[in-house]
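Single-structure report; data block below.
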Amino acid sequence: MGEQRKKLSTTKNNPKSTIPSRVPSVASLMSQWISMGGEVIRKNLLKGGPIIALLFLIIYLAFASPYFFNLSNFLNITRQSSINAILAIGQTMVIIGAGIDLSVGAVLALSASMSAVAVSYWGLNLAVGILLGLGTGALTGFITGVIITKGRIPDFVATLAMMTTARGLALILTQGLPVPSHFTALKLVGYLPAGLIWLGSGNVLGVPVPAIVIVVITILGWMVMTRTTLGRAIYAVGGNREAARISGISYVRTKIITYTIMGLLAGVAGIVLTGRLNSANALMGEGAELQSIAAVVIGGTNLFGGEGGVVGSLIGAFIMGILGNGLNLLNVSAFWQRVILGLIIIGVVIFDQWRRRRFAV
Amino acid sequence: MSEKPLLRLEAIDKSFPGVHALDHVDFDLYKGETHILLGENGAGKSTLVKILSGSLPKDSGRIILRGKQVEITSPYHARSLGIGMVYQELSLIPSLSVAENIFLGRLPKSRFFFVDWPGIYKKAQQILKRLNLNIDPTVPVRHLSLAEQQLVEIAKVLSLNEQILLFDEPTSALSEEERQQLFNLVNELRERGISIIYISHHLSEVPLVGQRVTVLRDGKKIATLPVNEADEDTIIRMMVGRELKEQFPKEETSPGKPILKVQGLEIKGALNHVDFTLHEGEIVGIFGLLGAGCTTLVRALFGLEKIDSGKIYINGRRVTISSPEKAIGLGLGYLTRDRKDGLIHPMSVVSNITLASLKGISQLGLLKHRKERQVGEKYVNELRIHPPDLTRKLMYLSGGNQQKVALSKWLCSGSKILIFDEPTRGIDVGTKAEIFQLFNQLTKEGVGILMISSELPEILAMADRIFAMRRGTVTAEYRRGETTQEKLLKSVS
Ligand SMILES: Nc1ncnc2c1ncn2[C@@H]1O[C@H](COP(=O)(O)OP(=O)(O)OP(=O)(O)O)[C@@H](O)[C@H]1O
Ligand SMILES: [Mg+2]
């Protein structure tokens, strides 16, 4: 093995062969490190088109607004971006697998409603209520996956159907009222437990809980996509479904697991949002599906599947959050904000396409 | 040929990130000649012709066509300059009919802007006739075999009546008969004054179609010489830059017990009562022409075709194989004839290599990256995958190098029964020996290999037994050394 590795590293195109060989070990070792470092930088920084955009945005806003560049504003942005970030991580997995999930906003509302109803009306304890909400999300995702694979229905159609179904179920569950509502609150039942609120708006050592949730989920998502056979299967199925099948990778299993994870994450987002809003309702998270897809696209994941990563999507979610925050600080009207977001999505994707072609990454 | 060249390329240079694909290459083409372009996988052949066809921009250099310098900006532009190309990776649209594909982008219209369908079908039929091709021009291309698709692709370019034709490995998917037809056609075109650049890894084709030969190596032009000076040894030495080992290093093995047995396999309209047995440590070759059913047979074994009747035994146990997953579970591996069907283009080289052996490089679902890299490095080195960069995305490899990756995937899969449909398709002469060496290693470990090949020398040298097929029936069986090219061809046609 050692010999082969040596052979690998002495190919013609290697920049280190240009270093004169008269100065031995130290210089050659250093040059090797430099060329290796260069390679790492090339592979990763260039992959990070979105991170460049994020840095530009931060630098620009830091100069443009005196209120932008400070810790409390950043914590604020983090809280505001957290829901989109959580959903975007799941959406990334779905999209890399050549799918798309339009139901995430509705599933978020359904899960949140389930948890809120369980703890405030059914009197279940907090942990059970949360588990019930997460379980609802995961189950919905599982069902979506089964419908897509077993029913052979395109992802777009199946999740579109699930979007209205889940929204409807949430409305039925909450009877169209916020949970807890003032009506029930008068009867002195139905306040949300403090623990649930803490999940959305609490802090640990000054760090907002949602920030911790994002970090944990991003790390887990990154591990799944880069370090597990499941992640490999998702990339393979998204890159070429037939080829994956012929290589022994189960399309059905991969798809179902991916959508289940997505559903679970929609549940997490639902609970965090409930905590932040201090209540749940059946109409929360409207438009969240498109927001999460936008974050994924800005993050450099290919909408046709097979390429991309969760870290990019996290950055994408933050770009959107910072943009919204910054434009507010600059007193740009909400109407114009939408126009600007649209232009930014197009700009980032054009840049990304160019970068891929130019550097063959 | 003493007048000025029709087309001259001067100092064409092209780099991709990490690869200098063409290094100041000069090349010329005269009216009415077939100029053959040779070189190892990744030498830059496709890149050169793609620059001519307008599908890749050059970095620097000059293209002089009919005495005038031109900048070819797109395939459309190339076409208007009289240049047509048959791509190595076919460019047909699967869901469109044969006729639509042939006339793509220039469907003849009748009055009132409506497409003149009867006229198109008739024209398409005429063009297909020239290739002796009997396909219904109304069927969607996805229903055609790879060889048929290749011929349609050629028909499409022929229908353009261009003055310069670029053929990038046009015969790699064809069997003997269609190859002969293609040679006749190429020679006929040339006599009509058309100029052709022809890329192939089949050195035996050189004297049959070419007038001059140019050899590329690592993006540099090594030499251009007339065909009568270009005997195989000379060419090979120029291509690989070293002496070549034995081309077919077959090692005798003593086959063990039967691992795969097929009895009376029947698929309506495709296979007719096929019987055969594959033993441990044995290489069985299957040989047949277009439409003989070889590919259908192996697809059926891998659960990709519905079987009407017949029995399959693996290690003496009767099995039904309903899906590829099941087949893999039973220890089978299958390299598809069209490598596109087995590769994940946006994924890295190493991930493609290990795709069918994820169990072997993981524990509890967690990948062991070090182990994976070791497996990847082994094949990158042994099969000379170029550039030797494990993390490069597969889509940025040359055709032959992609084929090596597709093959590696099964070589390392640990499968006990390997089915290879044209394993060396598009692979250069220098690497073939390496591949067969790996076959030997596997058969020594008791793996049985079922190999479809239309390369006569290869199948004659490497297969312990050869089955000849014609129209879905096995017409003859030979042991190694029992038959000759002529005899084998006779039993299939
Ligand atoms: N789009 C691309 N991006 C990056 N690298 C590329 C691209 N196309 C080709 N290359 C590289 O350029 C080199 C030459 O490739 P090319 O396809 O011309 O080889 P070839 O001579 O046609 O080989 P083969 O016999 O395998 O078809 C290879 O090393 C390949 O990896
Ligand atoms: Mg090529």
Item checked: the stretch B:183-274: C-alpha gyration tensor shape, a/c 1.5 cut-off, then a/b vs b/c -> oblate
Margin query: Explain nothing, just the number: dipole magnitude of the stretch A:226-295 about its Cα centre with +1 on each Lys and Arg Cβ and -1 on each Asp and Glu Cβ, in debye rounded to the nearest 20.
Written below: 340 debye
Checklist line | Descending Cα extents along the principal axes, the stretch B:258-492, whole Å | finding: 47, 38, 31
Item checked: Value of D in µm² per second that Stokes-Einstein yields for the protein assembly as shown, Kirkwood Rh from Cα pairs, at 37 °C (0.692 mPa s) -> 109 µm²/s
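Taking neighbour Cβ counts within 10 Å as the exposure measure, how do B:C294, B:C412 sort from fewest upward? Don't jump to the answer; show the numbers that get you there.
Numbers: B:C294 27, B:C412 20.
By the 10 Å Cβ count, ascending, the order reads B:C412, B:C294.
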Checklist line | Hits among lysines - C-alpha to C-alpha of B:K68 under 27 Å, sequence gap 8 or more where chains match | finding: B:K4, B:K14, B:K31, B:K45, B:K50, B:K58, B:K220, B:K221
Notebook entry, point to check: Charges only on Cβ, +1 for Lys and Arg, -1 for Asp and Glu: so what's the dipole of the protein assembly as shown about the Cα centre, in debye to the nearest 20?
Noted result: 1320 debye
Next item on the list: Would you please classify the overall shape of the stretch A:53-359 from the alpha carbon gyration tensor, given that a ≥ b ≥ c denote the square roots of the eigenvalues, rounded means a/c under 1.5, and beyond that prolate means a/b larger than b/c while oblate covers the rest?
Entry: oblate
Next item on the list: Find out how many positive minus negative residues lie around A:A266, taking Lys and Arg as positive, Asp and Glu as negative, among other residues whose Cβ is under 14 Å from that of A:A266.
Entry: -2
Item checked: Within straight-line cross-link reach of B:K257, lysines at Cα separation under 26 Å, skipping those fewer than 8 residues along the same chain -> B:K311, B:K326, B:K409, B:K416, B:K444
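Taking the Cβ of A:I350 as the center, what net charge do the other residues with Cβ under 12 Å away carry, scoring Lys and Arg +1 and Asp and Glu -1? The partial results should precede the final answer.
On the way: positive: A:R355, A:R356, A:R357; negative: A:D352.
Taking every Cβ under 12 Å from that of A:I350, the sum is +2.
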Next item on the list: With unit charges on the beta carbon (Lys/Arg positive, Asp/Glu negative), name the residue among A:G267, A:A161, A:G151 whose Cα is farthest towards the positive pole of the charge dipole of the stretch A:53-359.
Entry: A:G151
Check: Quick one: which of B:K250/B:K368; B:K359/B:K404; B:K245/B:K378 span more than 26 angstrom between C-alpha atoms?
Finding: B:K250/B:K368
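When the helix-only estimate is applied to chain B (DSSP H runs of n ≥ 4, each -39,500 (n - 2.57), divided by the residue count), what is the mean residue ellipticity at 222 nm, nearest 500 deg cm²/dmol? Don't skip to the end; give the middle numbers.
On the way: 16 runs with 152 residues, N = 493.
Using -39500 (n - 2.57) per qualifying helix, the result is -9000 deg cm²/dmol.
What is the Cα radius of gyration of the stretch B:7-240 over 2.2 N^0.38 Å, N being its residue count? Show your work: numbers first, answer last.
On the way: Rg = 18.0 Å, N = 234, 2.2 N^0.38 = 17.5 Å.
Taking the Cα Rg and dividing by 2.2 N^0.38 Å, one obtains 1.03.
Net charge near B:V298: determine it from the other residues with C-beta under 14 Å of the C-beta of B:V298, scoring Lys and Arg +1 and Asp and Glu -1.
On the way: positive: B:R299, B:R337; negative: B:E305, B:D338, B:D341, B:D421, B:E422.
Around B:V298, the charge tally is -3.
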Next item on the list: Just name one of B:L216, B:Q247, B:A300: the one whose Cα is farthest towards the positive end of the charge dipole of chain B (beta-carbon charges, Lys/Arg +1, Asp/Glu -1).
Entry: B:A300
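Bear in mind that the values in this text are calculations on the coordinates, not laboratory data. Predicted, not measured: the structure shown is a model, and the values here were computed from it. Methodologically, a virtual Cβ is constructed for each residue, glycine included, from the backbone with ideal geometry; neighbour enumeration extends over all protein chains shown.
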